[in-house]
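Taking it in order: structure first as C-alpha cells, then the write-up.
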Amino acid sequence: MKRLLIIIYVSCSLCAIGQTIVHIDNPMTWTCSELKNYIGQTIEFDIPFYVCNNYQQTAYQISPRRIYSPTNQELPGSAEYKELVSLNNNGVVSLSGVDNYHRMGEKLKKLIVRVNSISSLSLVSCIYEGNTREELIAGPPSVDIVGEHTILVCGFNLEYFLAENLGTGYGPDSKSEHEKQKAKISEALGKIGADIFGFVEIEQGQTALKELAQMLTQKTGRIYSYIDDGGSANSSYTKSGYVYCTQTVEPVGRLLSNEVGVSNRKKMQTFMEKQTGEKFIFSINHFKAKSGSASGDNANQGDGQGSYNATRVAESKAIIKLAEEAKKLFEDDDVLVMGDLNAYAKEDPIIEFLNVGMVDLHRYFHADSSYSYVYHGQAGYLDHAIANRSLTTQITGIAAYHINSDEDDRYTYDKSNDLSMFRCSDHDPVLVGLRLGAEFETNLPPEEDSRTLYDKCDMDIIDGQVLIVNNDKGYFRIYNSFGELYKHGSVTDDYFVAAKDLPQGVYIINLYVDNKVKQYKILIP
C-alpha cells in the first residue's frame, strides 16, 4: 500500500520524476492532434516550444515552431501555401497558468504541462530562454556576417510619429503622449545609431524629421541632419523621409520622389560615404496597405495577399523604373530598396524586384527565418531590404532588431507609462551593413552559366553529412530551427561536404547560384 501511495505522489509531483517524455519527430509539421493520446496526463516535451502569441496575459499560444505568415514562406494560392495555412491553424495550443511577462519568440525549454485537451495545456514548469528583453538591451544583432561594415543603414516604420497634428485619431492624441512616443523612439534610435535612417510613417512637413535628427544627435553625440523635401505639415498624413549622420555620409544631388499609388511615400536619395567617396542609391518606401475594401484588380483575391495588391505591384514597378533613372542621373549602379512594402516575401510586389535580378537580403542571409512584424501571432517581414547585384557584393549582412514585433501592445506610449524602447512601434527596425567599394567574393557566385548550374545543383544527406553535388561555383548557408546561422561558405567542387555530424534537429539549407536559391529543410533524428 505504501508503494502505491509513493507512485501516485511521484506522478503528480512538480519535480516530474519519472515524467512521460513526449518526442516530437518534426516540429515543422507538428499539429496539436498529436496530444490526443496524452489527455489527462502530465508530460514533458523533448524539444523547446515557442511563445507564438502573448496577447492574453495569462494564456499564451505556443508551438514547437515559430508560426509564419503563409505568403512569407510560400507563393500565394499555391498548394504549399494552402498546406501552411492548415499547419498554422492546427499547430498552436493554448498554455494557461503563465506568470510574468514573456515576449513572442521566447523558447520554453524543459516544458512540463498538464494536457487538458488537444487545444489546451496547463503549465507545470519550464525554463524561458532566448529573445528576451535582457538580450536585446545589449544592442542590435550583428550585421557583420561576411565582413565588417563601414556604413549602417536602418529602415524603420515609426507607426505615426507626429509632432504637430495631434488628436486626429492617428498617432499621439496629446502633447504628453507625443513626449512619451519621443522618449521610446529616442531610446531605440540611440541604441541603433545608424549612419542613415530611412523612416516610414512620419508626419509630413519637416518638424518630425527635425525632431528625429535632434533626438539622434542628443542620444549618440554625433551630428545628424535630415533631407528637406520641401513639404509642409497640414494634417496627420504621413510620409517617408531620411535622417543621416553628417560626419560619415552626405547626400548627393536632389531627392527623387514617385507618386504612383500612395503619394509622398516613395523616395530615393543618393548618399556618399565621406571616407571613401563611394556612393549608393537608397530608396525608402511605404506601399499601399492590405486593408480596406477594393474592387477590380485591387479586390482581395483570397490568396493571402489582401486588398490593393495590384497597386502595390504598380508601386514596385515604379520604384524599379525610378532606380534605373537614378543610376543614370547619379552615375552609380548600387541600389538599396527598403521600407514597409506591405507585402510578405513571396507576394507579387516582391517578386517584381526579384524578376529583374534584385536580391531579397532577408532571405539571402537568413533563409526563411527572418521577420519584422507579427500579426495575429504569425511572423513575417513587411519591412524589406532589397538590393541589386552590384550592391549585394558590398553588403556585410542584415538583421531585424526585434524590439517591437514580439511585444504585447500594452507597452505602447498611449497605453502605459513605459518609456523603454520596447514596443515604440509595431514594426521592427531593419539594419543593413555596407562596406562600399568592397566585393565579398563569397556573397554571390559567378554569373556565367548560372542557369545550367542552378538546374544541376542538388543536395543529399548521407549518414548525417550534408553533401552538395553538381555545383562547384555556388555558396551555401545552413541554419538551425531557431534561425541561427550554423555554417556557411563557398562550394569548392561538385561533390562538396558542407557539414559533418550535424546535431539532432531541423535545419534549413540554402544553395545559391547567381541570384537564384534552392532551399531544403532536413531533419537529423
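The values are calculated or read from the model by the stated rules, or taken from the named source; none is laboratory data. Bear in mind the structure is a predicted one, so any value in this text is a computation, not a measurement. Neighbour counts run over all protein chains shown; Cβ positions are idealised from the backbone, glycine included.
Worth a mention:
- Enumerated strands (runs of 3 or more DSSP E) restricted to region 58-175, each holding at least 2 residues that are closer than 20 Å to residue 192 by Cα: 151-161
- Checking region 276-290 against the condition returns a match, with at least one residue being out of contact with any helix residue (DSSP H, G or I) (no Cβ under 9 Å at 6 or more places or on another chain), farther than 15 Å from residue 194 by Cβ and among the charged types (D, E, K, R).
- Which listed residue is under 30 Å from residue 297 (Cα atoms) and out of contact with any Phe, Trp or Tyr (no Cβ under 6 Å at 6 or more places or on another chain), from 348, 409: 348
- Among the candidates 180, 184, the residue that is charged (D, E, K, R), in the same structural domain as residue 393 (by TED's automatic domain parsing) and under 19 Å from residue 372 (Cβ atoms) is uniquely 184.
- Subset of region 144-186 that is β-branched (Val, Ile, Thr) and touching a helix residue (DSSP H, G or I) at 6+ places or on another chain (Cβ under 9 Å) - its residue that is farthest from residue 221 (Cα to Cα): 146
- In region 213-230, residue surrounded by the fewest Cβ atoms within 10 Å (Cβ to Cβ) [restricted to those that are of a type in the set (A, V, I, L, M) and closer than 22 Å to residue 253 by Cβ]: 223
- Residue match in region 436-458 (condition: outside the structural domain of residue 356 (by TED's automatic domain parsing), exposed (fewer than 14 other Cβ atoms within 10 Å of the Cβ), within 26 Å of the chain's Cα centre (by Cα) and modelled with pLDDT of 70 or more): yes
- Candidates 112, 151, filtered to the one that is more than 29 Å from residue 21 (Cβ to Cβ) and not hydroxyl-bearing (Ser, Thr, Tyr): 151
- Region 107-150 - residue that is free of Cβ contacts under 8 Å to residues at least 60 places away in the same chain and among the acidic types (Asp, Glu) and, of those, surrounded by the most Cβ atoms within 10 Å (Cβ to Cβ): 135
- A search for C-beta distances below 9 Å between a residue of region 88-101 that is touching a residue at least 60 places away in the same chain (Cβ under 8 Å) and polar (S, T, N, Q) and any residue that is buried (at least 16 other Cβ atoms within 10 Å of the Cβ) and assigned to a helix (DSSP H, G or I), counting only pairs 6+ apart in sequence or on different chains, returns 88/70.
- Condition check for residue 386: more than 15 Å from the chain's Cα centre (by Cα), β-branched (Val, Ile, Thr) and crowded, with 24+ Cβ neighbours inside 10 Å: no
- Members of region 231-251 found to be in contact with a Leu (Cβ under 9 Å, 6 or more places away or on another chain) and surrounded by fewer than 18 Cβ atoms within 10 Å (Cβ to Cβ), listed by number: 233
- Filtered residues of region 466-486 (kept if part of a strand (DSSP E or B) and either closer than 16 Å to residue 28 by Cα or at pLDDT 80 or above (or both)): 466, 467, 468, 469, 476, 477, 478, 479, 480
- Residue match in region 301-309 (condition: in contact with a helix residue (DSSP H, G or I) (Cβ under 7 Å, 6 or more places away or on another chain), in the same structural domain as residue 405 (by TED's automatic domain parsing) and in a strand (DSSP E or B)): no
- Residues of region 492-508 that are closer than 13 Å to residue 470 by Cβ and of a type in the set (A, V, I, L, M, F, W, C): 496 alone.
- Exactly one residue out of 179, 203, 187 is surrounded by 24 or more Cβ atoms within 10 Å (Cβ to Cβ) and either touching a strand residue (DSSP E or B) at 6+ places or on another chain (Cβ under 8 Å) or farther than 25 Å from residue 280 by Cα (or both): that is 203.
- The residues of region 284-300 that are surrounded by 15 or more Cβ atoms within 10 Å (Cβ to Cβ) and either free of Cβ contacts under 8 Å to residues at least 24 places away in the same chain or outside any loop (DSSP other than H, G, I, E, B) (or both), listed by number, are 284, 285, 286, 294, 298, 300.
- Subset of region 346-369 [part of a loop (DSSP other than H, G, I, E, B) and under 21 Å from residue 201 (Cβ atoms)]: 347
- Hits in region 155-175 (condition: over 17 Å from residue 423 (Cα atoms) and of a type in the set (A, V, I, L, M, F, W, C)): 163, 166
- Residues of region 202-225 satisfying the condition of being part of a helix (DSSP H, G or I), touching a helix residue (DSSP H, G or I) at 6+ places or on another chain (Cβ under 7 Å) and of a type in the set (Ser, Thr, Tyr): 220
- In region 252-270, the residues that are out of contact with any strand residue (DSSP E or B) (no Cβ under 6 Å at 6 or more places or on another chain) and buried (at least 19 other Cβ atoms within 10 Å of the Cβ): 261, 262
- Answer from 73, 57, 19 - the residue that is among the polar types (S, T, N, Q) and either within 27 Å of residue 350 (Cα to Cα) or at pLDDT 95 or above (or both): 73
- Among the residues of region 226-251, those that are within 17 Å of residue 189 (Cβ to Cβ) and either assigned to a strand (DSSP E or B) or touching a strand residue (DSSP E or B) at 6+ places or on another chain (Cβ under 8 Å) (or both) comprise 226, 227, 240, 241, 242, 243, 244, 245, 246, 248, 249.
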